[in-house]
Amino acid sequence: MSSSTNPFDNSAKNWDTRRMSVQLAEVADLLLPLLQLTDQQHWLDFGSGTGLLSVPLAAKVKQVTALDTSEKMLEVLAEKGIGNIQTLNQDVFSGLPCDYDGVVSCMALHHVESTEVLLKQFYQHLKHDGQLALVDLYAEDGSFHGDNEAKGVKHLGFDIEALRATAEALGFVEVSFAEIMQLQHRNGREYPLFVMLARRS
Ligand SMILES: C[S@@+](CC[C@H](N)C(=O)[O-])C[C@H]1O[C@@H](n2cnc3c(N)ncnc32)[C@H](O)[C@@H]1O
C-alpha cells in the first residue's frame with residue numbers, strides 16, 4: 001500500500017471524532033498499565049494513524065516512532081505537536097531504521113498480509129527483553145468493515161491460537177492474550193478486541 005493510495009488518507013481529518021475512534025482512544029488507558037514503561041525507552045507504534053496510542057504512550061517513555069503508510073494520518077498526528085513523537089511515513093515492510101524497547105499497535109495487524117513476516121520483523125528490531133503489545137479483532141465474519149477489500153483488510157480478525165503459535169515459533173516468550181475491550185459498532189453489534197503481549201527472549 002503506498003501513501004498515495006492509502007484508504008486512510010481520506011479518513012484522516014475526521015479520524016479522531018469518529019464513533020469507532022472515540023472508543024479506540026480508550027485502548028491506551030487499558031493497555032499502558034500492562035506494559036513496563038520507563039522514561040528511557042524508545043517505542044514503535046506500528047500503524048499509528050493519528051496517534052490515539054502514540055500520544056498517551058509518549059507521556060510515559062523517552063521517544064515514540066509513529067510509523068504509518070498514510071501521510072495524511074501522520075499529518076494529523078504531527079499537528080498535535082508532541083515533541084517526543086517522530087513520525088515515519090513508510091510501509092512497515094520497507095525496513096525499520098533501528099531497534100526498539102517495545103512495539104505497540106492498535107487495529108493495524110488485520111491490514112497486513114503475512115503476520116509471520118511482520119512478527120519476524122518486530123522480533124528482529126526488538127532489543128533483548130523488548131516488549132510487544134498488539135491489539136486487534138478476534139476472528140469475525142467480515143461484517144466489521146463491510147467492504148473489506150476497499151478498506152485494505154487482509155484478515156477478518158484473528159484466531160489467537162494461530163497467532164500464538166506463529167509468535168512462539170519465531171522465539172517470542174511470555175505470549176499471552178486477553179480481551180481488552182468490546183467495540184460497539186453502528187451496525188448494532190459488539191466486536192471484542194484482544195491484546196497480545198509477548199517479549200523477545
Ligand atoms: C485502522 S487504522 C488504526 C490507526 C490507529 N492505530 C488507531 O487505533 O486509531 C490502521 C492504520 O495502519 C496503517 N497501515 C496499514 N498497513 C500498514 C503498513 N503495511 N505499514 C504501515 N502502516 C500501515 C494504515 O495506514 C492506518 O493508518
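Observations
- Per-q log10 I(q)/I(0), the chain, q = 0.13, 0.18 Å⁻¹ (Debye; single scatterer per alpha-carbon; no solvent): -0.65, -1.40
- Amide H partners (placed H, <5 Å) of ILE180, local residues excluded: LEU193, PHE194, VAL195
- Per-residue ³J(HN,Hα) for the stretch 19-29, Karplus 6.51 cos²θ - 1.76 cosθ + 1.60, θ = phi - 60°, Hz, x for Gly and Pro: 3, 5, 5, 4, 6, 5, 4, 7, 4, 4, 4
- Three principal axis lengths of the stretch 139-198 [C-alpha, angstrom, descending]: 38, 24, 14
- Each of THR69, THR38, THR166 was scored by other Cβ atoms within 10 Å of its Cβ. Arranged with the fewest first, they read THR38, THR166, THR69.
- Evaluated with a Cβ-only charge set (Lys, Arg +1; Asp, Glu -1), the chain carries a dipole of roughly 320 debye about its Cα centre, given to the nearest 20.
- Values of log10 I(q)/I(0), in the order q = 0.15, 0.21, 0.22, 0.24 Å⁻¹, for the stretch 3-53 under a Debye, Cα-only, solvent-free model: -0.53, -0.87, -0.92, -1.00
- Evaluating 6.51 cos²θ - 1.76 cosθ + 1.60 at θ = phi - 60° for every residue in the stretch 180-195, the Karplus couplings come out as 9, 6, 10, 8, 8, 8, 5, 7, x, 9, 10, 10, x, 10, 9, 10 Hz, glycine and proline recorded as x.
- Working note: Karplus 6.51/-1.76/1.60 with θ = phi - 60° gives the stretch 115-128 the couplings 5, 5, 5, 5, 5, 5, 4, 5, 4, 5, 10, 9, 5, 3 Hz, where Gly and Pro are set to x.
- Most mobile of GLU149, GLU168, GLU179 in a GNM of the chain (Cα contacts under 10 Å): GLU149
- In plain terms, the chain from ALA165 to TYR138 could stretch by 8.2 nm, reckoned as 0.36 nm per residue minus the Cα-Cα distance.
- 5 angstrom amide H check on THR65, placed H, neighbours 5+ away: TRP43, LEU44, ASP45, GLN86
- Working note: 222 nm ellipticity from helices only, DSSP H runs with n ≥ 4, each -39,500 (n - 2.57), summed and divided by the residues of the chain, gives -6000 deg cm²/dmol to the nearest 500.
Every number in this text was worked out from the coordinates using simple rules, so none of it is lab data. Owing to the predicted nature of the structure, the values given are computational and were not obtained by experimental measurement. Heads up, the Cβs are rebuilt from the backbone with ideal geometry, glycines too, and the neighbour counts pull from every protein chain shown.
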